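The values are calculated or read from the model by the stated rules, or taken from the named source; none is laboratory data. Everything quoted here is computed from the prediction, not taken from an experiment. Methodologically, a virtual Cβ is constructed for each residue, glycine included, from the backbone with ideal geometry; neighbour enumeration extends over all protein chains shown. For the accessible areas, the whole protein counts, side chains as well, though only heavy atoms, and no ligand, DNA or RNA atoms are used. Shrake-Rupley method; radii C 1.70, N 1.55, O 1.52, S 1.80 Å.
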Amino acid sequence: MDLAACLKLLPAEELEHLDFPMDKVPVDPIKRLVYITEANPASVDEGIPSEQHSEASRFNLFTGNQTLKQRDESFKVKGADASIHCGFYSDKRGFRISVEDRSYMESCKAVVSTCAFGGGDDLYQPIGMSESSLKKVCFVSFWDEVTLASQEADGHKVGDERYIGKWRIILVNNLPFTDQRLNGKIPKMLAHRLFPNSRYSIWVDSKSQLRRDPLGVLEALLWRSNSVLAISEHGARSSVYDEAKAVVKKNKATPEEVAVQLAQYRQDGLPEDKRFNGKKGRIAHFLVS
């Protein structure tokens, strides 16, 4: 994805001296995270639940069967402890990541991430990176065993340090869903869970190529305007509810499944407006937070 037309980045010499704003550092970071399940109410052990669904399915308990009240409460940080519904690192629930890879992910202070599951797309190397970004930002691509085998068969070998070019390959086992689109939403939407110590993240769709400096993107989209999230408008549709119709038409989900999700949106108070403050109500794939 080329952001040259819409972003005014700092000059190259200034990019080399960019660093994370110190006033954005959390005052009281979470030190203890507990993953909750109904079968096993509070299993700690560094967030590893011990009793979950053992088989992948289109929809399962990976995200937890929380009520609306429980979901709302999970957004409120109280002291150094936090409890959430989520299935990361479970032996049975899925999305298993090795201890070594988890340790690497916990070291990241900022991350650019992408994923390819079920064979996926070729991995496009980022270009236009400053030396500062290469030193301070992690570049992570999540693969499953199928993608690893497919890429290596095409001659794209993962090195001894688990890198292909600038990308650190993180191998994920036991994906929780049979639908790869759903599996792909885990690293896309839950980077703050996968990278618990990362203050910033940039998501790049696997079909796209990052061509701008990550620290420069963060400065232009977040720090300069004191924002916490930046995301591009969808190229075709302007409403989540219009997107729901397209999902059914393209057979990405059944009408019944979509109806359940739309009912939840309406219960949450999401309006059917096609535009908010002059912007489309439907977003695309490029996510900065």
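Among the residues that make up the stretch 163-170, is at least one of them among the basic types (Lys, Arg), open to solvent by less than 20 Å² (accessible area, probe 1.4 Å) and either within 15 Å of Ser98 (Cα to Cα) or touching a Gly at 6+ places or on another chain (Cβ under 7 Å) (or both)?
Within the stretch 163-170 (the criterion being among the basic types (Lys, Arg), open to solvent by less than 20 Å² (accessible area, probe 1.4 Å) and either within 15 Å of Ser98 (Cα to Cα) or touching a Gly at 6+ places or on another chain (Cβ under 7 Å) (or both)), the answer is yes, since at least one residue qualifies.
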Quiz item: Which residues, counting only those in the stretch 127-164, are farther than 23 Å from Asn183 by Cβ and touching a residue at least 12 places away in the same chain (Cβ under 8 Å)?
Solution: Ile127, Gly128, Met129, Ser130, Glu131, Ser132, Ser133, Leu134, Lys136, Val137
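Scan the stretch 203-226 and tell me whether some residue there is in a strand (DSSP E or B) and either within 30 Å of His17 (Cα to Cα) or modelled with pLDDT of 95 or more (or both). It would help to see each step written out before you state the result.
Keep residues of the stretch 203-226 that are in a strand (DSSP E or B), which gives 203.
Subsequent filtering for residues that are either within 30 Å of His17 (Cα to Cα) or modelled with pLDDT of 95 or more (or both) retains 203.
Within the stretch 203-226, one or more residues are in a strand (DSSP E or B) and either within 30 Å of His17 (Cα to Cα) or modelled with pLDDT of 95 or more (or both).
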Exercise. Check Gly269 against each of (1) farther than 30 Å from Leu10 by Cβ; (2) at pLDDT below 80 and name the one condition it does not meet.
Key: (2)
Quiz item: Which of the following residues is modelled with pLDDT of 75 or more and surrounded by 11 or more Cβ atoms within 10 Å (Cβ to Cβ): Ile84, Ile97?
Solution: Ile97
Practice problem: Sort out which residues of the stretch 118-160 are open to solvent by 20 Å² or more (accessible area, probe 1.4 Å), within 22 Å of Arg102 (Cα to Cα) and either of a type outside the set (A, V, I, L, M, F, W, C) or touching a Ser or Thr at 6+ places or on another chain (Cβ under 9 Å) (or both), and write them in order of number. | Solution: Gly118, Leu123, Lys135, Lys136, Glu145, Lys157, Gly159, Asp160
Exercise. Could you run through the stretch 122-180 and say how many residues are farther than 21 Å from Ser201 by Cβ, among the acidic types (Asp, Glu) and not in a loop (DSSP other than H, G, I, E, B)?
Key: 2
Quiz prompt | Odd one out for Gly216, checked against (1) surrounded by 21 or more Cβ atoms within 10 Å (Cβ to Cβ); (2) within 15 Å of the chain's Cα centre (by Cα); (3) of a type in the set (Gly, Ala, Ser) | solution = (2)
